[in-house]
1. Using only helices, what value at 222 nm comes out for the chain when you add -39,500 (n - 2.57) per DSSP H run of length 4 or more and divide by the total residues, to the nearest 500 deg cm²/dmol?
2. Can you work out D for the chain in µm² s⁻¹ from Stokes-Einstein, where Rh is the Kirkwood radius over C-alpha pairs, the temperature is 37 °C and the viscosity is 0.692 mPa s?
3. Say each of A144 and D185 gets a label point 7 Å from the Cα, pointing the same way as Cα to Cβ; how far apart are those two points in nm?
4. Give, in nm to one decimal, the length gained when the segment between E26 and N74 is fully stretched (0.36 nm per residue of separation minus the Cα-Cα distance).
5. State which helices in the chain qualify, where a helix is a whole DSSP H run, it must extend 24 Å or more along its own axis by its Cα atoms, and its mean Kyte-Doolittle hydropathy must be at least 0.0.
6. Calculate what fraction, in whole %, of the accessible area of the stretch 115-207 sits on carbon and sulfur atoms when a 1.4 Å probe is rolled over the protein chains.
7. Just need the relative contact order of the chain here, percent rounded to a whole number, with Cα pairs under 8 Å and 6+ apart.
8. Below 12 angstrom from the Cβ of T16, what's the summed charge of the other residues (Lys, Arg +1; Asp, Glu -1)?
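The values are calculated or read from the model by the stated rules, or taken from the named source; none is laboratory data. Since the model is a prediction, treat every value here as computed from it, not as a measurement. Reconstructed Cβ throughout: ideal geometry from the backbone, glycine too, with neighbour counts over all protein chains shown. Surface accessibility is based on the protein's heavy atoms, side chains included, excluding ligands, DNA and RNA. Shrake-Rupley method; radii C 1.70, N 1.55, O 1.52, S 1.80 Å.
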Amino acid sequence: MKIFISADIEGVATTTLWPETEKGSEDYRQHAQQMTMEVIAACEAASEAGASEIVVRDAHEDGNNLDIWKLPENVTLIRGWSGHPYSMVYGIDPSFDAAIFIGYHSAASSEGNPLSHTESLNPLSVKLNGALASEFLLYSYAAALNQDLRSALPNLPQTYELEICYKKTSDAEKFSYFPGVQKRDDNTVVFSSRDYFEVLRVISFLC
């Protein structure tokens with residue numbers, strides 16, 4: 001059994017303030033250790049459940065937050081950023097049996113987490129087919145898995161409409177010139193496609 005784990009930091013048990021997630025802050029290291037411990041717990045549980053291969057994607061900030069010296073020996077770690085639209089789940093493919101998301105958080109413009117955001121702090125909100133989109137939603141859609149999870153996962157839509165509302169009107173104006181993107185109002189752009197990969201590609205440039 002192959003398991004893919006994607007790890008962020010803003011949603012781990014201890015983070016409630018932005019400096020706790022930012023390198024260079026005196027508070028960062030202890031919260032990065034919490035991120036590492038939560039990943040280790042997931043790895044150990046996966047191994048106990050029969051996983052023979054575990055791939056971990058460090059998906060926060062510069063992709064270099066986990067304490068590599070504490071991870072189990074059967075773990076392959078992906079660090080840094082490739083620029084690929086799969087972003088936080090880069091490295092996943094249909095050969096994996098399950099995906100686990102650690103430290104994920106609420107969507108931009110939503111309650112439930114003091115560090116709510118989607119991708120960056122530039123968008124006021126990101127919506128997919130009219131609903132607020134979290135990073136969990138965006139990348140769970142991207143996770144192609146080996147086993148039949150139709151009873152556990154939502155059905156993928158036939159078409160996708162991505163809506164990004166920016167805090168700055170100048171961002172909406174600038175990104176409205178990206179191919180296929182249209183300006184909806186002073187702060188908002190939209191993009192529609194039947195291909196989810198194209199949605200992720202646009203997000204990688206616009207968020």
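1. -7000 deg cm²/dmol
2. Value of D from the Cα-based Kirkwood radius: 184 µm²/s.
3. So the two model labels end up 3.8 nm from each other.
4. Answer, rounded to one decimal: 14.1 nm.
5. What comes out of the filter, once short or polar helices are dropped, is none.
6. 50 percent
7. Relative contact order of the chain: 19 percent.
8. -3
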